[in-house]
Each structure stands twice: as structure tokens, then as C-alpha cells.
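Since the structure comes first, as C-alpha cells, the remarks are kept for the end.
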Amino acid sequence: MSERMKLGKLAPHHDLRVPMLAKYTVSLPAAPAQIDWSDGLQNWGVMRNDTLGDCTCAAVGHAIQTWTKNAGIETTLPDSTIVSLYSAVAGYDPASGANDNGAAETDVLTYWLKNPVAGHALDGFVAVQPKDIRDVKDALWLFGGVYIGLALPLSAQRQVGTLWCVPAGGLAGDGAAGSWGGHAVYVVAYDSRGFTCITWGKPQRMSWNFWVAYCDESYGLLSHDWITTNGQHQGLAPSGFDAAALSADMAALRQAA
């Protein structure tokens, strides 16, 4: 593995208190045929994921960049803020380098729900069925992206910077799910061919079959950075989504120790 590509997503910790997206979308229109919320974003930043297993927290930074850019004023959190989040969630010690062991996505999201990151609050989040592409498209349209976990195969190392797809040998050997490790990314776009996520500071394309084979968890994140802002996207996304109901449904998670 390249020293410039660290992983760090631990195995999924599914929390039954996290509501499913389908609860809120039954009466909404279908998502558009394609979406790209990354338009105009150039300098994503690696956010220390080249030297630390903080991908779960770097993806938080990329979500905030996406939301604020679409609001009109892009905010890029400094690396120190991302590392502080990683330390708070996973116990990483930046002084000694100890406990650089990665983190679980739901631990990051539950912490963020109760502790705004540099003033950027998370109002709620929903679980998205990773194998239901319609569900995933709905989430990406409504929330300005999707926060996902991948059980990456070793074959993905050779495809960084091009297209992540299932290798010719299928889901065995270098193509086996998780044979490289767990990784968190923020997905910002889709079209008829697949998705685009942000990882290690750059856009990375992935095919539909890659998503189905290797995505093991996915979440839609609700933030005021996305739904209020300066009004540019207010009423467009999330279109008709009951944000208040989701925020209320987060009460149990906010109160958790």
C-alpha cells in the first residue's frame, strides 16, 4: 500500500436506533438521473489521511466542503480540526502517535451529532440500504452527498486515480471484499455509469458493480450547512424532506453516553 493512501474504517457497528432513509422518502419524487455536487471544488485536501487512519473524519471534512461550496462560501477545515475529531472519537494521541487504529463510522457520526465540528453541526443522519441504488440516489440528492464505508479489495490499489471496478477475477483473491481493508469516503456525484467519491484529496470514480460488491454501510447526513445557508438550494434539496422529523428521531442518539 502506498504511504500516501491510508485506510482506517473499522467494521460496521449498525445501530438500530438510526432510522432508515425509506421512512422519510415514500412520498417524494424520484431523484434526478444524475447529480454532481462537486462542481467547482478543486482543492479537497488529504486531511492527514496520507499519514493517519482518519478516513472516517476526513470524509466529514469533505462533506462540509461540499455543503458549504454549494451554499456559496466554501469552508475547508484545517487538518488540526480533523485530527482533533479523530482523537476525540478514536483516542488517537497526536503527541505520541498512539492509538492510530481507525474508527467506526457510526461512532464518528454519533459523536458529531452531539459535538459540532468547528461550529458545523450534524442535525441527524439516516441509514441507507447500500444495495438499493434507488435509496442511495435519493440520499445523494436529498443530503448533498452520502457518507459511506467500503470493504476495499487489494485490486482497488491498482485502480486509484482511474476507475474502481470489480476485477476480472471477480470477488476472490485480490478482488475479495476487505482484502485491502475498510475505508470511509464521501460520495458527491452519480450518473448512468456509477458514482464519484472523494478520497485522499481527489475525486475517485467507482462503477455500479464496485459499489454493490464492496459498500458495506452508507448514511445520509442532515446539516444546516446544507438546508439553510444563503437560500441558494433551499427548497431544491432536500426537496420536501421532513428535516424536523429526522432531527426529532435523533433524540436517543443525542442522549447516549
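Rule-based calculations on the coordinates, nothing more; no lab input. Keep in mind that this is a model prediction, so the values were computed, not measured. All Cβ positions, glycine included, derive from the backbone under ideal geometry; neighbour counts span all protein chains shown.
For the reader, a short list of remarks on this structure follows.
- Calculated [θ] (222 nm, deg cm²/dmol) that DSSP helices of n ≥ 4 give over the chain, each run adding -39,500 (n - 2.57): -8500 deg cm²/dmol
- Comparing 120, 62, 13 in a Gaussian network model of the chain (Cα springs below 10 Å), the most mobile by mean-square fluctuation is 13.
- Since only 18, 215, 33 are under comparison, the one whose Cα sits farthest along the positive direction of the charge dipole of the chain, derived from C-beta charges on Lys, Arg, Asp and Glu, is 33.
- Here the relative contact order of the chain, from alpha carbon pairs under 8 Å that lie six or more residues apart, stands at 28 percent.
- Cα gyration tensor shape for segment 75-193, rounded if a/c is under 1.5, else prolate or oblate: oblate
- Residue exposure sequence - 26, 89, 136, 60 - by fewest surrounding Cβ within 10 Å: 26, 89, 136, 60
- Distance from the C-alpha centroid of segment 49-73 to that of segment 147-188: 20 Å, rounded to the whole angstrom.
- Residue among 244, 127, 177 with the largest mean-square fluctuation in a Gaussian network model of the chain, springs linking Cα atoms under 10 Å: 244
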